Amino acid sequence: MKLFDVYPLYAVTPVRGEDVFVYDQNGQGYLDLYGGHAVISIGHGHPHFKKRLKDQLDQLVFYSNAIINPLQSDLAQKLGQLSCLDHYQLFMCNSGAEANENALKLVSFATGKSRIIAFSNGFHGRTSAAVAVTDNPKIIAPLNSHHPVSILPFNDPETLEKELKKGDVAAVIIEFIQGVGGLDQPEEAFVQALELLCNQYGALLIADEVQSGFSRSGAFFAFQHYPVTPHIISMAKGMGNGFPVGGILIHPDIQATYGMLGTTFGGNHLACAASLAVLEVIEKENLQAHAAQIGDYFMTQAKTIPQHKYIKGKGLMLGLEFDFEVSELRKKLLYDHHIMTGGSSNKNLLRLLPPLTIKKNHFDQFFTALKHAL
Ligand SMILES: Cc1ncc(COP(=O)(O)O)c(C=O)c1O
């Protein structure tokens, strides 16, 4: 059987990982500044992560959401503690798209409305409503194109108010640091206006933290760099360090009813163990503060690259924008210097999403290679 050929592949076959490196079948190491697309949070093969998962494998892998699973409550408690959002409620699922799909469904249930406002260059996933609020017509199939969605520019409160005033908007969904779209961030004054206008016109606010959450930006969630209170926060990627797990945090004002949301696999025992291990390591190794500090180091060092146009991002969601397309540069870094990097829909942006355990010497290795490759 052939694989459905939807991914253009790099000629690299990682078979093993350790902290910020992956190794191919010949033992060649690659510095992973891409983190498998912002997924590897606490590093490849972290001993505590492996032990937690192995111990859970020996106990119970899965049972459905019809029974009491104390690991879900343990996770909710730890998540509440580290994110300082103890008063929110947790619903678990399996991926970022699914988290946003549930968030969008929930705001529609809660408000009785159906239109969603999203932003230019936003990416929210590939399921039906998640892809409909994504600003990329190429990945929206005719089936997904009928959702009532308005895509607006960042930092334009007048246009936002004009749309919200119509009274049919259930929610606004926003990435406080855009991922796939190229690391743009809304201005603080716009975020304040956004919250005010949402409250004024009865719309809810969804923070898509699928990529920026779990301490990657130097705060637990990227919205926490702003004075704003979202009604729903979606999470995935770094939440499981490679184990597929996602979820939403729901403001206490939104009340659950039986059957409103549901899933077979979401919140299973192994997924909870993986996510608990991630949180325990983030706390023990102080990775959130580390992400902020090492991100600052990157910013300082990046200034020494004469060819760069802009330095973008926050914490360990980083990018260097050039005045040329970076695809050849990325190939050179990968094949000649054995460094994995990321791209974005901004073709001139080299994007870095390393494990949160990355050290200064790894960035030094990157900058030496980058200078050479340029
Ligand atoms: C901000 C954001 N939201 C949602 C998604 C979708 O996540 P998943 O691929 O796990 O469905 C992504 C994936 O890149 C993302 O970056």
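Read-outs throughout are calculated quantities, based only on the coordinates presented, and are distinct from any laboratory measurement. On a predicted model such as this, the values are computed, not experimentally measured, just so you know. Glycine gets a Cβ as well: all are built from the backbone with ideal geometry, and neighbour counts include every protein chain shown.
Each of T111, P244, T127 was scored by the projection of its Cα onto the charge dipole of the stretch 48-284, and the greatest displacement toward the positive side belongs to P244; charges sit on the C-beta of Lys, Arg, Asp and Glu.
Can you give me the relative contact order of the chain as a percent, contacts being Cα pairs under 8 Å and 6 or more apart? If you can, show how the numbers build up before the last one.
Values: 749 pairs, mean separation 86.9, N = 374.
Over the chain, the number comes to 23 percent.
The region of the chain that goes longest without hitting one of the GluC sites (Glu not before Pro) in a DSSP loop, each with at most 13 other Cβ atoms within 10 Å, is 1-186. Taking 18 Å as the straight-line reach from the Cα of K166, the aspartates and glutamates in range (excluding those fewer than 8 positions away in the same chain) are D156, E158, E195.
So which chymotrypsin sites (Phe, Trp or Tyr not before Pro) in the stretch 318-368 are both in a DSSP loop and have at most 15 other Cβ atoms within 10 Å of their Cβ? Working shown, then result.
On the way: sites: F322, F324, Y335, F363, F366, F367; in loops: F322, F324.
Listed in order of number, the matching sites are F324.
Please sort by residue number the trypsin sites (Lys or Arg not before Pro) in the stretch 142-200 whose DSSP state is loop and whose Cβ has at most 14 other Cβ atoms within 10 Å. Don't skip to the end; give the middle numbers.
Working: sites: K162, K165, K166; in loops: K165, K166.
Passing both the DSSP loop test and the Cβ count: K165, K166.
When the dipole is taken about the Cα centre of the chain, and only Lys, Arg (+1) and Asp, Glu (-1) are charged at their Cβ, what size is it in debye, to the nearest 20?
Values: 30 positive and 35 negative charges, 125 e Å.
Dipole about the Cα centre, nearest 20: 600 debye.
Is the chain rounded, prolate or oblate when judged by the Cα gyration tensor, a ≥ b ≥ c being the square roots of its eigenvalues, rounded requiring a/c under 1.5 and prolate requiring a/b larger than b/c? All intermediate terms of the calculation are to be shown ahead of the outcome.
Values: a/c = 1.64, a/b = 1.20, b/c = 1.37.
It is oblate, given that a/c is not under 1.5 and a/b is not larger than b/c.
Cross-link pairs exceeding 25 Å in C-alpha to C-alpha distance, out of K113/K165; K312/K360; K314/K359; K309/K347; K105/K165; K237/K332, comprise K237/K332.
Of S150, S217, how do they rank once you tally other Cβ atoms within 10 Å and put the fewest first? It would help to have the intermediate numbers written out before the result.
Working: S150 18, S217 27.
Ascending Cβ contact count within 10 Å gives the list S150, S217.
Determine the shape class of the stretch 1-134: with a ≥ b ≥ c the square roots of the Cα gyration tensor eigenvalues, call it rounded for a/c under 1.5, and otherwise prolate if a/b is greater than b/c, oblate otherwise.
Numbers: a/c = 1.99, a/b = 1.25, b/c = 1.59.
In terms of gyration-tensor shape, oblate.
DSSP beta bridges in the chain, what fraction antiparallel, as a percent rounded to 5?
Working: 27 of 43 bridges.
The antiparallel proportion sits near 65 percent.
Straight Cα distances below 12 angstrom link K371 to none of the aspartates and glutamates, with same-chain residues fewer than 8 positions distant left out.
Can you sort D74, D253 so the residue with the fewest Cβ neighbours within 10 Å comes first?
Listing D74, D253 from fewest to most nearby Cβ atoms yields D253, D74.
Fewest Cβ neighbours within 10 Å first, please rank V278, V20 accordingly.
Details: V278 31, V20 23.
Result, fewest neighbours first: V20, V278.
Loop-resident trypsin sites (Lys or Arg not before Pro) (DSSP state other than H, G, I, E or B) in the stretch 234-305 with no more than 12 further Cβ atoms inside 10 Å of their Cβ: K303. Cα gyration tensor of the stretch 166-266, axes a ≥ b ≥ c as square roots of the eigenvalues: rounded (a/c below 1.5), prolate (a/b > b/c) or oblate? Oblate, because a/c is 1.5 or more while a/b does not exceed b/c.
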